[in-house]
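Participant: Provided herewith is a single structure, encoded as structure tokens, for subsequent inquiry.
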Amino acid sequence: MKTYELIDHTADVGVKAYGKTISEAFENAAKGMFDIITDSSEIESIGQYDIELEAPDLEQLLVDWLSDLLFLNSAKNLVFGFFKVELDEKKNKLSAKIFGEKFNLSKHKIGAEIKAVTYHMLEVKKKRPFFVQVLFDI
């Protein structure tokens, strides 16, 4: 099963991410986002960060999740390549361990700069086949 596919949109780029579970779809959306920012296959799991989030629904939780990762990327110059997400779908809570390192120009490729996670075409499919879809403002 493919993990994600890119969605081309007028001035944006998006990710439609799949998973055996909704948690895995959230993980694959993050992988897709970092493949847009840089080549995530070159990222080593040197540092670990923990993210805990709660939102009114899974759609908002997806936006918050990717926005937190984007903040760590832009504010702290970090890139991530491995994600372990646990979701409590009844309480709309996310607990994640993310692994990565500082962006290094001699090691990592420069991709597109993502300015924001948008709500346009946002979708979370909670039944099989699980997927999430999100567009990024670039």
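Please treat every number below as a calculation from the coordinates, not as lab data. Every value quoted in this text rests on a predicted model; they were computed, and no experiment measured them. We place every Cβ from the backbone using ideal geometry, glycine too, and count neighbours over all the protein chains shown.
Participant: Taking Cα atoms, how many degrees apart are the long axis of helix 22-37 and the longest axis of the chain, rounded to 10 and kept between 0 and 90?
Facilitator: 30 degrees
Participant: Please sort by residue number the trypsin sites (Lys or Arg not before Pro) in the stretch 1-106 whose DSSP state is loop and whose Cβ has at most 15 other Cβ atoms within 10 Å.
Facilitator: Of the trypsin sites (Lys or Arg not before Pro), the ones in loops of the stretch 1-106 whose Cβ has at most 15 other Cβ atoms within 10 Å are 2, 20, 90, 91.
Participant: Hey, rough spin-label estimate for residue 88 and residue 127, points 7 angstrom out along Cα→Cβ, what's it come to in nanometres?
Facilitator: 2.6 nm
Participant: Now, a different point. Among 114, 51, 37, determine the one that fluctuates most according to a GNM of the chain built with springs between C-alpha atoms less than 10 Å apart.
Facilitator: In this elastic network of the chain, the residue with the biggest mean-square fluctuation among 114, 51, 37 is 51.
Participant: Decide, for the stretch 1-71, between rounded, prolate and oblate: order the square roots of the alpha carbon gyration tensor eigenvalues as a ≥ b ≥ c, take rounded if a/c falls under 1.5, and otherwise choose prolate if a/b is larger than b/c, else oblate.
Facilitator: In terms of gyration-tensor shape, rounded.
Participant: Would you mind checking the tilt of helix 58-76 against the longest principal axis of the Cα atoms of the chain, expressed as 0 to 90 degrees and rounded to 10?
Facilitator: The angle comes out at about 10 degrees.
Participant: Let me spell out the model: positive unit charges on the Cβ of Lys and Arg, negative unit charges on the Cβ of Asp and Glu, origin at the Cα centre of the chain. What dipole size does that give, in debye rounded to 20?
Facilitator: 340 debye
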